[in-house]
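The values are calculated or read from the model by the stated rules, or taken from the named source; none is laboratory data. Everything numeric here is computed off the predicted structure, so don't read it as measured data. When we count neighbours, we look across all protein chains shown, and the Cβ atoms used for this are built from the backbone with ideal geometry, even at glycine.
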Amino acid sequence: MSEEKQDFLRRWSRRKQEASAVQKTTTAVENPPPLPSLDSLTFESDFKAFMHSKVEDAVKRAALKKLFADPHFNVMDGLDTYIDDYTKAEAFPEGLLARIEEVREKLLAPTPALRAAEGAEDEPQEPVEQPKAPEEARQNVDPAQDPKAL
């Protein structure tokens with residue numbers, strides 16, 4: 001074999017051995033430390049062990065639930081403007097519905113001109129003159145005011 005191929009194979013072999021050695025050391029580091037029981041956790045406990053990637057999600061959630069159940073995290077900050085229950089409407093005060101009805105009747109009541117027109121409906125009405133067709137309208141226009149006459 002040529003030296004180039006031997007150099008290549010040696011380099012490949014060396015890298016392969018280095019990669020396996022690194023993998024063994026990371027495997028040892030990736031093993032999560034022993035976890036304390038969830039009942040013994042307090043606000044001051046170290047939760048870092050529960051955040052390891054090898055820890056089951058259910059155990060992580062249980063640890064976080066225990067952490068955030070501490071009263072330290074349950075303080076209202078005053079910026080919660082939308083925490084009220086807006087699904088329950090307040091009852092109208094007494095008399096408000098009567099007042100609304102009174103105002104509605106005043107606003108929707110017919111005007112005196114409309115009342116007079118309603119009263120005049122009983123009497124025979126004069127026929128209303130229909131608007132003239134454009135040709136008829138041009139015949140009645142003063143030629144001095146006709147724009148086409150200029």
Please go through the stretch 65-110 and give me each residue that is of a type in the set (G, A, S) and more than 34 Å from the chain's Cα centre (by Cα), ordered by number. G95, A98, A109
The stretch 58-77, subset charged (D, E, K, R) and farther than 15 Å from S45 by Cα, residue surrounded by the fewest Cβ atoms within 10 Å (Cβ to Cβ): D77
Residue check for K54: at negative phi, of a type in the set (K, R), not assigned by TED's automatic domain parsing to the domain that holds T42 and not in a helix (DSSP H, G or I): no
Enumeration of residues in the stretch 64-99 that are assigned to a helix (DSSP H, G or I), among the hydrophobic types (A, V, I, L, M, F, W, C) and more than 30 Å from A49 (Cβ to Cβ): L96, L97, A98
